[in-house]
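Comments concern the structure below.
The values are calculated or read from the model by the stated rules, or taken from the named source; none is laboratory data. Note that the coordinates shown come from a computational prediction; the quantities given were computed from them, not determined experimentally. Cβ placement follows ideal geometry from the backbone for every residue including glycine, while neighbour counts extend to all protein chains displayed. Areas reflect the complete protein model, heavy atoms only, side chains present, ligands, DNA and RNA absent. Shrake-Rupley method; radii C 1.70, N 1.55, O 1.52, S 1.80 Å.
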Amino acid sequence: MLEVTDIHSGYGAVKVLQGLSFSVKASEILCLLGRNGAGKTTALKSVMGQLPITAGRVTFKGEEITHMAPHLIPRQGLGYIPQGRRLFAELTVAENIEMGLMTRKQGKDTRDWVLELFPRLRERLTQMAGTLSGGEQQMLATARALCLRPDVLLLDEPTEGLQPSMIAQIRDVILKMKAEGYAIVLVEQRVDAILALADHVVFIENGRDVEATTVDDLKSTPAKLTRYLGV
Amino acid sequence: MEFGPHLMLAALEGAVISAILVLTAMGLSIVFGVMRVVNVAHGEFFMLGAVLTWFVATTIGGHPALGFVAALLIAPVLVGCLAAFADRLILKRINYDPDRTIVATIGMLYIIQQTTLMTFGPEARPVPPPFNTRLSLPWFEWGEEGFALFWPWGLSITTYKLFVIAAAATVLVGLWVLLTKTKIGLIMRATQQDSETAQAFGVPVGRVYSWVFGLGAGLAALGAVLVVPIQQAHYLMGGDPLLLAFIVVIIGGLGSLPGTVIAALLIGMSDGIISVFFSPTLAKIIATLLVAMVLVFRPQGLLGKKPS
Ligand SMILES: Nc1ncnc2c1ncn2[C@@H]1O[C@H](COP(=O)(O)OP(=O)(O)OP(=O)(O)O)[C@@H](O)[C@H]1O
Ligand SMILES: [Mg+2]
């Protein structure tokens, strides 16, 4: 579904990704792992076209999107849930959802569907997104991305700073999406979440993929987690 | 004239000034709000609107209303397109970097001003108002027989000035509907808050910026079309509106549109009233003092948010 091949990218003169590859298929959860500053967020931003890719290629559903205009990339069917949520804080919940629906011209049925997934949001449609609790904000960020009815979901640390019951709820939604056939790229720090959710993992160090493996392998050789993440 | 009717007359002058000012300042405020661009060339878009109005009106000839209506349609659109083009050509290339956009728009200011001088010459150009009937206004008093209306000599307003006030109010309402009730407005507000994330939801941010820059300039030009039947068009006329628009935007709170409206009313009314009773120079002095006070005691402006 999504193939990232040997990409280089960064922020102006700061080169961060220096040959990163990974790929994800439908109904599969790929976890990107690495220490703080390894380049996980940079990788997702590069895929979304927010950072210029100076070498390598990104293909999505067999079509190259490496240098596509950034606003056209989500319209192909990539839903992005950025680190720190990045909601439109001074728009209402309903307007944030509307922004998601607009991206791929989705209608009322999609709106109803996401509000069914997150009933809490339905009660707060007229509330400013910036005044939601952390958990509600993460629900809204997820709902907004699902409004695209994307084929791939890119999630950057969706459980950061949430309490256990909220984490469980987000996790349920991720598994539900997987069951519905979504391809999911997940950046996650919590080992228990990785082991419970992921099918494949890619370890990233200094902007390069250093090892790609399955989660079963990780369960049998937990030393890898220590080696790459220091946990 | 007695004090009451005199004040009423001054307030009406103030309302006309506010009407023009609110359109100009809105343009500046929207551009700053969405794009974070301080557009120093804003006054020149105003001037260009005025000069184009004269040009269109004299080219068409015939009844003044004909030329005026044509200018009302043509000048703001033309100026808006020019601004959108300047955005693509210049501001986009320098990546909307805050410092460099100031320098770039100063450059635009001189290019527009000098090009207008070379094309249309230095003369001030009058444009006849499309209609200009003088309406006497009533005043009231409590006499021995109770409440009574009368028509004091000199208390009057022209229909054109009333039209200016009504037109500005209509445009404001339209703008409010555009920003709060339409998809275009939603996209503009989302872009204003987080352009990168807006892009991740399919918003062509570059195109939105061009439209917004064009809209801002078009609003200034619209204010200018309304003003030329009262005040002649001239290649140097952009300075005052720029200064006043900045004053209004600072007092209202950078990027706050309701604040901009309130501040425009405040500055316009006080300008009108102080000019009539004392002198226009004193009005400018007081407006400038007001800005200084706001900057000292409430730097975020009347309705602006405190930077967190
Ligand atoms: N806007 C920026 N300008 C310059 N360098 C940046 C910028 N954003 C990130 N970096 C650098 O890029 C590198 C990778 O950052 P990135 O955010 O991708 O890390 P990450 O793997 O997501 O880390 P974390 O787990 O902390 O979220 C870091 O060294 C960081 O300092
Ligand atoms: Mg990160």
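A cut-off under 15 angstrom between Cβ atoms defines the neighbours of B:I111, and their net charge, with Lys, Arg +1 and Asp, Glu -1, is -2.
Simple spin-label estimate for B:I230 and B:T133 gives 2.0 nm between the two label positions (7 Å along the Cα-to-Cβ direction from each Cα).
When all protein chains stay in place and ligands, DNA and RNA are ignored, the 1.4 Å accessible-area order of B:M118, B:M26, largest first, is B:M118, B:M26. Counting only protein heavy atoms and using a 1.4 Å probe, the accessible area of A:E64 comes to about 80 Å². To the nearest ten degrees, helix B:64-86 and the longest principal axis of the Cα atoms of chain B are 30 degrees apart. Calculated accessible area for chain B comes out at 47 Å² per residue, all protein chains present (probe 1.4 Å; ligands, DNA, RNA ignored). Among beta bridges identified by DSSP and lying wholly in segment A:108-231, the antiparallel ones come to about 55 percent.
Among the residues of B:199-211, the average count of other protein chain beta-carbon atoms within 10 Å of the residue beta-carbon is 6.
Straight-line reach from A:K219: taking Cα to Cα under 17 Å and skipping same-chain neighbours fewer than 8 places apart, the aspartates and glutamates in range are A:E188, A:D192, A:D199, A:E211. Which of A:I194, A:I167, A:I184 moves the most in a Gaussian network model of chain A with Cα springs under 10 Å? Among A:I194, A:I167, A:I184, the largest GNM mean-square fluctuation belongs to A:I167. Helix-only arithmetic for chain A: the sum of -39500 (n - 2.57) across DSSP H runs with n ≥ 4, divided by the residue total, places the mean residue ellipticity at 222 nm at -10500 deg cm²/dmol. Sites listed here are chymotrypsin sites (Phe, Trp or Tyr not before Pro) in segment B:264-301 whose DSSP assignment is loop and whose Cβ has at most 13 other Cβ atoms within 10 Å: B:F278.
Counting Lys and Arg as +1 and Asp and Glu as -1 over every other residue whose Cβ lies under 14 Å from the Cβ of B:V227, the net charge comes to -1. For the protein assembly as shown, the Cα gyration tensor yields ellipsoid semi-axes of 57, 25, 20 Å (square root of five times each eigenvalue, largest first, whole Å).
May I ask you to list the lysines whose Cα is less than 29 Å away from that of B:K284, ignoring any residue fewer than eight positions away on the same chain? Leaving aside lysines fewer than 8 places away in the same chain, those within reach of B:K284 are B:K161, B:K305, B:K306. I'd like the orientation of helix B:205-227 relative to chain B: the angle between its Cα long axis and the longest Cα principal axis, in ° from 0 to 90, rounded to 10. Helix B:205-227 and the main axis of chain B meet at about 20 degrees.
For chain B, the longest principal axis of the alpha carbon atoms and the long axis of helix B:98-120 meet at an angle near 60°. Taking chymotrypsin sites (Phe, Trp or Tyr not before Pro) across segment B:125-165, the ones in a DSSP loop with at most 15 further Cβ atoms lying within 10 angstrom of their Cβ are B:F131, B:W153.
Here the Gaussian network model covers chain B, with springs between Cα atoms less than 10 Å apart; of B:Q199, B:Q113, B:Q232, B:Q199 fluctuates the most.
The DSSP beta bridges internal to chain A are antiparallel in roughly 55% of cases. Remark: for residue pairs B:K92/B:K181; A:K61/A:K108; A:K45/A:K108; A:K105/B:K183, the C-alpha separation exceeds 21 Å in B:K92/B:K181; A:K61/A:K108; A:K45/A:K108. Go through segment A:134-179 and name the trypsin sites (Lys or Arg not before Pro) that are in a DSSP coil and have 10 or fewer other Cβ atoms within 10 Å of their Cβ. Counting only loop positions with at most 10 other Cβ atoms within 10 Å, none of the trypsin sites (Lys or Arg not before Pro) in segment A:134-179 qualifies. Given a 1.4 Å probe and the protein chains as shown, A:M102 ends up with an accessible area of around 40 Å². If both residues of a DSSP beta bridge must be in the protein assembly as shown, then about 65% of such bridges are antiparallel.
Exposed loop sites here are trypsin sites (Lys or Arg not before Pro) assigned a DSSP state other than H, G, I, E or B and surrounded by at most 13 other beta carbons within 10 Å; excluding them, the longest clear run of chain B is B:94-304.
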